[in-house]
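None of the figures in this text is laboratory data; all of them are computed from the coordinates on show. Every value quoted in this text rests on a predicted model; they were computed, and no experiment measured them. Quick reminder, even Gly has a Cβ in these numbers, built from the backbone with ideal geometry, and neighbours come from all protein chains shown.
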Amino acid sequence: TKDMIVSGGENIYSVEVEAALYEHPSVLEAAVIGIPDDRWGEAVHAVVFLKSGRTASDEELVHHCHALIANYKCPKSVSFVDRELPKSGAGKILKRELRAPFWEGRERMIN
């Protein structure tokens with residue numbers, strides 16, 4: 001399946017947003033997911049694990065993305081985690097695990 005977020009009728013590919021985030025010197029790992037948004041259906045959300053000893057604010061990362069990709073593709077929100085992102089045995093980030101808390105209690109979840 002294509003890793004895609006549909007926000008306000010626009011198709012946004014997570015990999016493109018992640019590539020922009022990975023260009024930031026403080027980012028070690030990044031996963032971009034769609035979270036519920038009452039107006040747009042889904043909103044672009046980034047989950048970020050920073051390199052040891054590095055810092056970055058959510059505003060800084062969003063601003064960084066604005067310089068590299070179209071505004072509508074940029075994260076609307078960022079959350080920071082203090083450990084590596086969950087991965088499958090093959091080393092693929094388990095986005096379903098990252099997405100689940102945001103969609104809890106909703107009738108449908110977009111995978």
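Brief remarks on what is shown
- Dipole size of the chain about its Cα centre, with +1 on Lys/Arg Cβ and -1 on Asp/Glu Cβ: approximately 300 debye, rounded to the nearest 20.
- Residue (of SER52, GLY89, SER7) at the positive-pole extreme of the chain, dipole from beta-carbon charges: GLY89
- For the stretch 4-99: lysine pairs under 23 Å (alpha-carbon distance), excluding those fewer than 8 apart on one chain: 8
- Using the Cβ-Cβ distance between SER79 and ASN11 with R0 = 25 Å, the FRET efficiency computed as 1/(1 + (r/R0)^6) comes to roughly 0.60.
- Over the stretch 4-99, volume per residue of the alpha carbon convex hull, in Å³: 94 Å³
- Only helical runs count toward this figure. For the chain, summing -39,500 (n - 2.57) over DSSP H runs of n ≥ 4 and dividing by all residues gives -7000 deg cm²/dmol at 222 nm.
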